[in-house]
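This report refers to the structure that appears directly beneath it.
The values are calculated or read from the model by the stated rules, or taken from the named source; none is laboratory data. These figures come from a predicted structure and were not determined experimentally. Virtual Cβ from ideal backbone geometry, glycine too; neighbours counted across all protein chains shown.
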Amino acid sequence: MQRLFETDDSRPPAGELSGAPLATRMRPRTLDEFVGQDRLLAAGSTLRRAIEEGHPHSMILHGPPGSGKTTLARLIADASNAAFEEESAVEAGRAEVRAVIERARERLGTTGASTILFLDEIHRFNKAQQDALLPAVETGLITLIGATTENPYFEVNSALLSRTHVYELATLGPTEIRVLLDRAIGRGECGPAERIEPEALEFLAERSGGDARTALNGLELACEAAGPGRAVTLAHAEDALQRRALLYDRKADRHYDTISAWIKATRGSDPDASLYYLAVMLEGGEDARFIVRRMVVLASEDIGNADPQALVVATAAAHAVEHVGMPECQFALAQAAIYLSLAPKSDAAKRAVFAAREHIRDQGAEPPPAHLRSSTRSDGGYDNPHRRPGHISPQELMPDSAIGRRFYDPDAAEAALRERLEEIRKARGRG
């Protein structure tokens, strides 16, 4: 078990934060303390240089909750010695924006100090409210730092976007969350409990959804629930997050068992079971890209031409995963899981390609007939079906060794295709 009260006198908590939530008290005060976003803050990167050199620029910070947007904004303001004005677009309107701009103008004229406006939930501002910011941002009267969990290219005016730099923050991983939890424990910031069990810490890191604020506040609640002199257990942590611990490891057997169960449930046309295993994977922190790749495969392997739209739905879900990410893409994943479950099933396409490949492995690949080869190598005998009634030509298209072989066998779910294939074969004299 790990002790909770290993004090660190080098960083006493600020007096004014003594009653604040743990996540607020543990907010990094320097860039070196910041955890995560290694790509954005890599040595020599634009954002890191802006902070280190104290020359901020207007920007939009786009990322999931608890990924460090507010913390980054405060670090930027501290490094630049600028006045820091903070507003929430949920509560502020044009009047509040005008007041900030007026204070910035007065501040610049009297003391020469610059102003940073941190606008949380900037996507909540309508067009008129966003337009009110444009002149001040364009002239540099204020440096705007907007924060949003929504895609700014959809929610922020193009005029404002053109005057800002968009930075995308990634969801924090369990390892990064664990660093923050261990730091809070080491500084004695976690309340009256004596110690915390490793299982509880692991649960908080894994099940907080990559949200540092959720994990730290969950730790604080768990410690308070345990009480003075007692251990914080997994049950305390579960109660704090109001979630149950999952026996799911993205790198172990359950990872493969669960995706296998999802495939078989979806193939079995049970949307409820499909959604159940999808939820298990999402709650367990599974990579959405891993899930949607299996959806694309299943759409062709198990549905195929029984419902060609299934592949369209699956690939659209894959696009949504890449375009919007978690947590929003969970809706596209659920939509696809339901559609794939209810779609008619056919493995004829899979059987067809397996049969064709098996023939090639056994018999080898014979060159195409001379009339099918490229224009410089053709014998000139190609019979273009577009010049024939019904766009069907009787000309043989298989090499000699494969004439008469049939690899595609439509099943009952592809009745229309079977009828079409029989009509074509009859018209070509292959009935």
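Could you tell me whether any residue of the stretch 274-288 is at pLDDT below 90, surrounded by fewer than 17 Cβ atoms within 10 Å (Cβ to Cβ) and more than 21 Å from the chain's Cα centre (by Cα)?
No.
Take the stretch 144-161 and flag every residue that is hydrophobic (A, V, I, L, M, F, W, C) and in contact with a Pro (Cβ under 8 Å, 6 or more places away or on another chain).
Ile145, Leu161 - these are the residues of the stretch 144-161 that are hydrophobic (A, V, I, L, M, F, W, C) and in contact with a Pro (Cβ under 8 Å, 6 or more places away or on another chain).
Checking Glu87 against (1) at pLDDT 90 or above; (2) closer than 23 Å to Ile185 by Cβ; (3) charged (D, E, K, R), only one condition comes out false. Which one?
Condition not satisfied by Glu87: (2).
Quick one: would you say His62 is closer than 30 Å to Arg183 by Cβ, crowded, with 18+ Cβ neighbours inside 10 Å and not aliphatic (A, V, I, L, M)?
Judged against the criteria, His62 is a match.
Can you find a residue that is surrounded by 12 or more Cβ atoms within 10 Å (Cβ to Cβ), touching a residue at least 60 places away in the same chain (Cβ under 8 Å), on the phi > 0 side of the Ramachandran plot and not small (Gly, Ala, Ser) anywhere in the stretch 66-89?
no
From the list Leu47, Leu61, exactly one residue is in contact with a Gly (Cβ under 9 Å, 6 or more places away or on another chain) and not aromatic (Phe, Trp, Tyr). Which is it?
Selected residue: Leu61, the only one of Leu47, Leu61 that is in contact with a Gly (Cβ under 9 Å, 6 or more places away or on another chain) and not aromatic (Phe, Trp, Tyr).
Hey, could you check the stretch 206-219 for residues that are crowded, with 23+ Cβ neighbours inside 10 Å, over 18 Å from the mean Cα position of the chain (by Cα) and in contact (Cβ under 8 Å) with a residue 24 or more places away in the chain and say which is nearest to His236 (Cα to Cα)?
In this case the residue turns out to be Leu219.
Could you list, in sequence order, the residues of the stretch 289-310 that are outside any helix (DSSP H, G or I) and either buried (at least 17 other Cβ atoms within 10 Å of the Cβ) or touching a Ser or Thr at 6+ places or on another chain (Cβ under 6 Å) (or both)?
Asp307
Take the conditions surrounded by 14 or more Cβ atoms within 10 Å (Cβ to Cβ) and outside any loop (DSSP other than H, G, I, E, B) and apply them to Lys350. Does it pass?
Criteria met by Lys350.
Assess whether Glu238 counts as being assigned to a loop (DSSP other than H, G, I, E, B), modelled with pLDDT under 90 and of a type in the set (D, E, K, R).
In short, no.
Being aliphatic (A, V, I, L, M) and part of a loop (DSSP other than H, G, I, E, B): is that true of Ala365 here?
Taking the combined requirement at face value, the residue satisfies it.
For the condition part of a helix (DSSP H, G or I), at pLDDT 95 or above, within 42 Å of the chain's Cα centre (by Cα) and closer than 23 Å to Pro271 by Cα, what is the one hit in Val321, Val313?
None of the other options fit; the residue is Val313.
Determine whether Thr148 is within 30 Å of Glu220 (Cβ to Cβ), among the polar types (S, T, N, Q) and buried (at least 21 other Cβ atoms within 10 Å of the Cβ).
yes
When you check Arg163 against the structure, is it buried (at least 21 other Cβ atoms within 10 Å of the Cβ), within 27 Å of the chain's Cα centre (by Cα) and touching a residue at least 60 places away in the same chain (Cβ under 8 Å), yes or no?
No: the conditions fail for Arg163.
Give the stretch 324-347 a look and list any residue that's crowded, with 17+ Cβ neighbours inside 10 Å and over 15 Å from the mean Cα position of the chain (by Cα), or say none.
Passing the criteria: Ala336, Ala337, Ile338, Tyr339, Leu340, Ser341, Ala343, Lys345, Ser346, Asp347.
Looking at the stretch 121-138, I want the residues that are touching a residue at least 40 places away in the same chain (Cβ under 8 Å) and have a partner that is surrounded by fewer than 22 Cβ atoms within 10 Å (Cβ to Cβ) and assigned to a helix (DSSP H, G or I) with Cβ atoms under 6 Å, at least 6 apart or on another chain. Which pairs are those?
The qualifying pairs are Gln129/Arg94.
Does His359 fit the bill of being surrounded by 15 or more Cβ atoms within 10 Å (Cβ to Cβ) and more than 30 Å from His319 (Cα to Cα)?
yes
Check whether at least one residue in the stretch 188-209 is under 24 Å from Ala92 (Cβ atoms) and in contact with an Asp or Glu (Cβ under 8 Å, 6 or more places away or on another chain), and report yes or no.
No: the stretch 188-209 contains no residue that is under 24 Å from Ala92 (Cβ atoms) and in contact with an Asp or Glu (Cβ under 8 Å, 6 or more places away or on another chain).
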